[in-house]
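What follows is one structure encoded as structure tokens, with my remarks underneath.
The values are calculated or read from the model by the stated rules, or taken from the named source; none is laboratory data. Quantities reported herein were computed from a predicted structural model and do not represent experimental measurements. So basically every Cβ, Gly included, is an ideal-geometry build from the backbone, and we count neighbours across all protein chains shown.
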Amino acid sequence: MLVNQFLFLAALLFCIGVYGVIARKNAVLVLMSIELILNAVNLNFVAFALRSGNADGHTFALYIIAIAAAEVGVGLALVLLIFRNRKTISLDDLSEMKG
Amino acid sequence: MVAQNIGFAIIAAIMIVGALRVVTTSNVVHAALWLVVVLAGAAAQYILLAAEFLAITQVLVYIGAVMVLFLFGTMLTRSRIGRDSGLNNSYAKLGIPVAVVLFAAMALALSKSFGTEELPTNGSLVSTQQISDQIFGPYLLPFWALSFVLLAAVIGAIVLARKD
């Protein structure tokens, strides 16, 4: 197996996630795209861990999984709060901070 | 060696199709279910990369916990179950050139840096014991910080989502 085949897969997943963050309006779908991005990063870490043969990449990937879980929890709580106040989770309608 | 490459190709194809469906489907619940496919594919790739502990954690945390959170979020925000045409921005097309240019830049950098370098086939495998030695050894301070982050996230989520 090449190192690059995993890195290219991760890069492709990352770019699809970036497209999702840009293109989506629904806040829950934006959070899903962020999960795609975080998974791409994890794949890179594990591939490099196998390449270098030590456990640092695995440790970092575990920490990223934990951070991602916390991020989804807080993110969905925020989305829920926005929905309760505004009756919509369309990110285009949240423009109060526009200067 | 060949079998691993065939396995990689099949799983990668499934993951890419799933990821594309996540960002293009017009149904929030379908997007969540396609995301399960991508996350399970990532777990399979971890197995292929000899990271069995991470693969199990991926299944437990992502497919078990995070997906349930997503489905609850979909339910509680009363997104339309079924087709919904209002999921994309008006400037959604702008994302395609951004993603293509980003991928081109990364592909160029990767093929220049790693070329056709092979992964070691007889290298030392990382055991779960080594991972725990890392977490409770040199990476203990980040582990503490992480537990505080999780605690703050749990309390914050309750405070934010609570009806008062």
* Asked: Across region B:39-81, what is the total count of residues that are over 20 Å from A:Ile67 (Cα atoms) and at the interface with chain A (Cβ under 7 Å from one of its Cβ atoms)?
  -> 7
* If you go through region A:74-94 one residue at a time, do you hit one that is under 11 Å from the mean Cα position of the chain (by Cα) and in a helix (DSSP H, G or I)? -> no
* Report whether or not A:Ala55 is within 8 Å of chain B (Cβ to nearest Cβ) and under 16 Å from B:Ala65 (Cα atoms). => no
* **Qualifying residue in region B:71-87 (condition: among the aromatic types (Phe, Trp, Tyr) and within 16 Å of A:Arg24 (Cα to Cα))** => no
* **Filtered residues of region A:1-23 (kept if at pLDDT below 90 and over 19 Å from B:Met106 (Cα atoms))** => A:Met1
* Could you say whether any residue in region B:144-162 is outside any helix (DSSP H, G or I) and within 30 Å of B:Leu20 (Cα to Cα)? -> no
* Structure fact -> When region B:105-146 is checked residue by residue, the ones that are loosely packed, with under 14 Cβ neighbours inside 10 Å and among the β-branched types (Val, Ile, Thr) are B:Thr116, B:Thr121
* To do: Enumerate the pairs (first residue in region B:132-156 and more than 11 Å from A:Ile67 (Cα to Cα) and at the interface with another protein chain (Cβ under 10 Å from one of its Cβ atoms); second residue anywhere and aromatic (Phe, Trp, Tyr) and assigned to a helix (DSSP H, G or I)) with beta-carbon separation below 6 Å, excluding pairs fewer than 6 apart on the same chain, so at least 6 apart or on different chains.
  => B:Ile135/B:Phe143
* Asked: Which ones in region B:12-28 are surrounded by 17 or more Cβ atoms within 10 Å (Cβ to Cβ), more than 9 Å from chain A (Cβ to nearest Cβ) and assigned to a helix (DSSP H, G or I)?
  -> B:Gly18, B:Arg21
* Asked: In the list A:Val30, A:Val21, A:Val41, which residue meets the criterion of being surrounded by fewer than 23 Cβ atoms within 10 Å (Cβ to Cβ), in a helix (DSSP H, G or I), more than 7 Å from chain B (Cβ to nearest Cβ) and touching a strand residue (DSSP E or B) at 6+ places or on another chain (Cβ under 7 Å)?
  -> A:Val30
* Asked: Considering region B:110-142 alone, what residues qualify as being assigned to a loop (DSSP other than H, G, I, E, B) and of a type in the set (A, V, I, L, M)?
  -> B:Leu119, B:Leu125, B:Val126
* **Residue satisfying all of: in region B:114-131; touching a residue at least 24 places away in the same chain (Cβ under 8 Å) and more than 7 Å from every other protein chain (Cβ to nearest Cβ); nearest to A:Ala61 (Cα to Cα) among these** => B:Thr128
* **Selected residue [in contact with a Leu (Cβ under 8 Å, 6 or more places away or on another chain), assigned to a helix (DSSP H, G or I) and farther than 30 Å from A:Leu81 by Cβ] from B:Phe103, B:Phe70** => B:Phe103
* To do: Check off (1) under 24 Å from A:Gly20 (Cα atoms); (2) more than 24 Å from the chain's Cα centre (by Cα); (3) modelled with pLDDT of 85 or more for B:Arg78 and give me the number that stays unchecked.
  => (3)
